[in-house]
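Data block below; observations after.
Read-outs: derived from the displayed coordinates by stated rules, not from any lab. Source: prediction; values computed, not measured. So basically every Cβ, Gly included, is an ideal-geometry build from the backbone, and we count neighbours across all protein chains shown.
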Amino acid sequence: MRYLGGKHKIARHIVPFMEMFYRRDHATWVEPFMGACNTLSLASGDRIGNDIDSDLVALFKALQKGYEPPSIVTEEEYRRIKENPSSYPPELCAFVGFGCSFGGKKWGGYARCDNGKSYAAVAKRSLDRKLKKLIGVKFLNESYLDLIIPPHSFIYCDPPYQNTQGYGVAFDHNGFWDWCRVQSKRGHTVLISEYSAPSDFETVTTSTQTTTLDKSHLRAKEAIFKWGGG
């Protein structure tokens, strides 16, 4: 399922890297900003997925219980659900809002394709592939600040990037970096994906991504950072 800022293109590379070099044996994998679970679905062992979007969390919980998303969503259906979300199940709102929107931005505009491809069908197949890899994941709908994290966990953060379009929710970037420092001092291993970081964070790897939220195709270098102490 498309998701704005999702790691679907690089997840298969960065997850093995993080597990091999930074995740301690039997450490719980925690994602405070799980998004579409592109990285979470490829991690192993005990996992906690959290997101502030309650519809998104409801979707993955429903999938674990057997929910079947639709294969076709018309533009008229998209419009009705967008205008009256409280009249529809939250899992459907998330599926349509993200999976059927241009660029994976929630309610960012009905996604059309000239070759007749159904974005709903593509999103459904993507979720079907992920589902078997998400068995046993604990899904939460909290602010990352309120998460209760098991001791000595591995925390991977893919937050709203600073100076980007974001998700329509205010985000305190300075407060986030302070939170990462605190979690590191508590004994967790914390890795963060971003374009840049404060000077006391060190780069552990970089990658170049193509963004296609509009008709332009922009390439930007992002990195994974780790607090360096101090």
Practice prompt. Provide the descending list of Cα extents for the range 52-171 along its principal axes, expressed in whole angstroms.
Written response: 48, 36, 29
Worksheet item: Using Cα pairs under 8 angstrom and six or more residues apart, how large is the relative contact order of the range 1-148, in percent?
Response: 31
Worksheet item: Among Tyr78, Tyr119, Tyr88, which one shows the biggest mean-square fluctuation in a GNM of the chain, springs joining Cα atoms closer than 10 Å?
Response: Tyr88
Worksheet, complete the sentence: Taking Phe201, Phe21 and counting other beta carbon atoms within 10 angstrom, the fewest-first order is Phe21, Phe201
Response to the item:
Exposure-ranked with fewest Cβ neighbours within 10 Å first, Leu140, Leu56 stand as Leu140, Leu56
Worksheet item: If R0 is 35 Å, what FRET efficiency do you get for Lys132 and Ser199 from their C-beta distance, rounded to 0.05?
Response: 0.25
Discussion item. Taking 30 Å as R0, compute the FRET efficiency from the Cβ-Cβ separation of Glu142 and Lys117 and round it to 0.05.
Written reply: 0.25
Discussion item. Using the basic label-point model (7 angstrom from Cα toward the beta carbon), what is the Arg12 to Asp25 distance in nanometres?
Written reply: 3.0
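How many Å³ per residue does the convex hull of the Cα positions in the range 11-227 occupy?
Values: hull volume 28.2 nm³, N = 217.
Normalising the Cα hull of the range 11-227 by residue number yields 130 Å³.
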